[in-house]
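Right, one structure below, let's go through it.
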Amino acid sequence: MRIAGARAKRGPLLSRLFLGLFGWKVVGRLPDVPKFVAVGAPHTSNWDFPLALLTARVLKVRIRWIGKAGIFRFPWGPVMRWLGGIPSERTGSEGLVAAMSRAFAETDRMVLAIAPEGTRKAVPYWKSGFYRIAHGVGVPIVPVFIDGTKREVRVGEPLMPTGQIRADMDRLREFYAGVVGVKPERIGPVVLQDE
């Protein structure tokens, strides 16, 4: 038992040290709530994934994330699931929202991390699944940004979605204003197609 406890204590420290070796730091705290949707943006680089995993360790939270079904095939499938991955066939956003809503209902604690752009390329708008999941389940959205210029991962204040999409997105736009991703040329606007 002592060994497991020691590992649990060292994990966040080692993750913080590893990030620090590359000049990165984590700023802010997660809310003290058992379930929420963490929105990570801008998603511009393959480095966003390891940064997210290390940040989760620093913040002492296990995140779940959605990935293309292809990355869950042998031999990487077990590793991706161990890292918190949930495979998605991407056959339709309504099915994915319903599946994630069920997943939230079936557990006492869950942090679902979503990159709303859905890709590392610049896109004209964010996918609205993160909002529909959080609003439908009644959990807060916690914005997180990866700023490549400041080499900082920052956690923002939780936002409980009201159903007033434009007003809620205005609050998210305020948080993400001026943030530069790891690859600045790949940043798109913070807007939903539904607005």
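A compact table of results
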item	result
Test item: Cα-centred dipole of region 72-195, Lys/Arg +1 and Asp/Glu -1 on Cβ, debye	460
³J(HN,Hα) computed for each position of region 71-83 - Karplus, 6.51 cos²θ - 1.76 cosθ + 1.60, integer Hz, glycine/proline x	6, 9, 7, 4, x, 8, x, x, 5, 5, 5, 4, 7
For region 22-171: accessible area per residue (Å², 1.4 Å)	55
Cleavage-rule hits, GluC sites (Glu not before Pro), region 15-115, DSSP coil, Cβ neighbours within 10 Å at most 13	GLU89, GLU106
Burial order of peptide ranges 58-68, 76-86 (average beta-carbon count within 10 Å, highest first)	58-68, 76-86
Counting DSSP beta bridges with both ends in the chain, the antiparallel % (nearest 5)	20
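The values are calculated or read from the model by the stated rules, or taken from the named source; none is laboratory data. From a predicted model like this one, the values you see are computed outputs, not experimental measurements. Using ideal geometry, Cβ is built from the backbone for each residue, glycine included, and neighbour counts are taken over all protein chains shown. To get the accessible areas, we keep the full protein, side chains included, count just its heavy atoms, and leave off ligands, DNA and RNA. Shrake-Rupley method; radii C 1.70, N 1.55, O 1.52, S 1.80 Å.
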